[in-house]
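Below is one structure, written out as structure tokens, with a few remarks after it.
The values are calculated or read from the model by the stated rules, or taken from the named source; none is laboratory data. Model, not experiment: these values are computed from the prediction. Cβ: placed from backbone, ideal geometry, glycine included. Neighbour counts: every protein chain shown.
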Amino acid sequence: MDKSMNIPDDQMIVSLEELKEQGLSYYKINKLTSEGRLSKLNNKFYENMNYRGTESDFYYAYAYAPSGVICLLSAAVYYGLSSFSPDAINVALRRKAKISALPEWPEIHISYFTDERFELGIRTVEEGKNRFRIYDIEKTVVDTVFYREKVGIEETKEILTNYLSRRERNLNRLVKYAETLKCGEILNNYLEVLV
């Protein structure tokens, strides 16, 4: 990569802001795009075509929904709680959030959460220069139980069973999240059956 483009090889998604901070003009950015070194995803993000690293669809989710959080089955798969492979990335947004355009691939399914449900349990994962936001493992389990009809009853049982078999689980946090998000009783019913 030449000196005029200082994008690290370990950064897959680059924001327009980051490119401008590198001193690149719109002309230079367009030139890099026409040369096939950048691919424009939307008005704010580009894909670095010289990226050398592990690819993750979650990086695309960050580009198309930067305020979103990976949730439900996608988060459960990330934590190794589900063997089910979702056909789309599940992303949570605040109820009143606006999102412009979504890509054809990877497919992104948006769930709109209340402010309280949205804000609870967010963590940021950074892999090299790449990042995405995802709910912690307990919040993922609680959301799965709450949205069990949408996720699927069998998938919900599998996720909860796998969570309970983990050594590093935090049952106090799990119960606290469930009570805060008004599904404590449903969670207790599952726990009585599974424990």
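For residue 40, are the conditions met, namely being surrounded by fewer than 16 Cβ atoms within 10 Å (Cβ to Cβ) and within 27 Å of the chain's Cα centre (by Cα)? Even if it seems obvious, please write down each step before you answer.
On the way: surrounded by fewer than 16 Cβ atoms within 10 Å (Cβ to Cβ): yes; within 27 Å of the chain's Cα centre (by Cα): yes.
Judged against the criteria, residue 40 is a match.
Check the range 121-133 and report whether any residue there is among the charged types (D, E, K, R), farther than 30 Å from residue 7 by Cα and assigned by TED's automatic domain parsing to the domain that holds residue 66. Steps first, answer last, please.
Our first condition is that a residue be among the charged types (D, E, K, R); within the range 121-133, this holds for 123, 126-127, 129, 131, 133.
If we keep only those that are farther than 30 Å from residue 7 by Cα as well, we get none.
Taking every residue of the range 121-133 in turn, none turns out to be among the charged types (D, E, K, R), farther than 30 Å from residue 7 by Cα and assigned by TED's automatic domain parsing to the domain that holds residue 66.
Can you tell me which residue within the range 184-193, out of those that are over 17 Å from residue 120 (Cβ atoms) and either of a type in the set (A, V, I, L, M, F, W, C) or without any contact (Cβ under 8 Å) to a residue 12 or more places away in the chain (or both), is surrounded by the most Cβ atoms within 10 Å (Cβ to Cβ)?
Checking each candidate, the answer is 191.
Look at the range 101-153 and say how many of its residues are hydroxyl-bearing (Ser, Thr, Tyr) and farther than 25 Å from residue 44 by Cα. Don't jump to the end; show me each part of the working.
Looking only at the range 101-153, we keep the residues that are hydroxyl-bearing (Ser, Thr, Tyr), and these are 111-112, 114, 124, 135, 140, 144, 147.
Retained after the next criterion (residues that are farther than 25 Å from residue 44 by Cα): 114, 140, 144, 147.
Going through the range 101-153 one residue at a time, the tally reaches 4.
Mind checking which residues of the range 25-37 are surrounded by 15 or more Cβ atoms within 10 Å (Cβ to Cβ) and either among the aromatic types (Phe, Trp, Tyr) or under 22 Å from residue 128 (Cα atoms) (or both)?
37
Quick one: how many residues across the range 156-195 are over 25 Å from residue 86 (Cβ atoms) and among the small types (Gly, Ala, Ser)?
Result for the range 156-195: 1.
Could you list, ordered by first residue, the pairs with Cβ atoms under 9 Å in which the first is in the range 75-89 and on the phi > 0 side of the Ramachandran plot and the second is assigned to a helix (DSSP H, G or I), at least 6 apart or interchain?
Cβ pairs passing all conditions: 80/162.
Scan the range 115-169 for residues that are at positive phi and either among the hydrophobic types (A, V, I, L, M, F, W, C) or buried (at least 16 other Cβ atoms within 10 Å of the Cβ) (or both) and jot them down.
As a first pass, look at the range 115-169 and keep what is at positive phi: 121, 128, 152.
Within the range 115-169, 121, 152 meet the criteria.
For the condition within 23 Å of residue 141 (Cβ to Cβ) and touching a Lys or Arg at 6+ places or on another chain (Cβ under 7 Å), what is the one hit in 69, 77?
Numbers: 77 fails: touching a Lys or Arg at 6+ places or on another chain (Cβ under 7 Å).
After ruling out the rest, the residue left standing is 69.
If you check every pair at least six apart or on different chains, which have Cβ atoms under 7 Å apart with a residue in the range 35-54 that is assigned to a loop (DSSP other than H, G, I, E, B) first and a residue that is of a type in the set (Asp, Glu) and surrounded by 13 or more Cβ atoms within 10 Å (Cβ to Cβ) second?
Every condition considered, the pairs that remain are 41/47; 50/9; 51/9; 52/9; 52/10; 53/10.
Does any residue in the range 156-183 that is under 15 Å from residue 144 (Cβ atoms) come within less than 7 Å, Cβ to Cβ, of a residue that is surrounded by 17 or more Cβ atoms within 10 Å (Cβ to Cβ) and of a type in the set (Ser, Thr, Tyr) six or more places away or on a different chain, and which pairs are these?
From residues that are under 15 Å from residue 144 (Cβ atoms), the pairs are 156/144; 158/82; 159/82; 159/144; 160/190; 169/163.
Given the options 67, 15, name the one that is surrounded by fewer than 19 Cβ atoms within 10 Å (Cβ to Cβ), hydroxyl-bearing (Ser, Thr, Tyr) and more than 30 Å from residue 153 (Cα to Cα). Full working, then the answer.
On the way: 67 fails: more than 30 Å from residue 153 (Cα to Cα).
The unique qualifying residue is 15.
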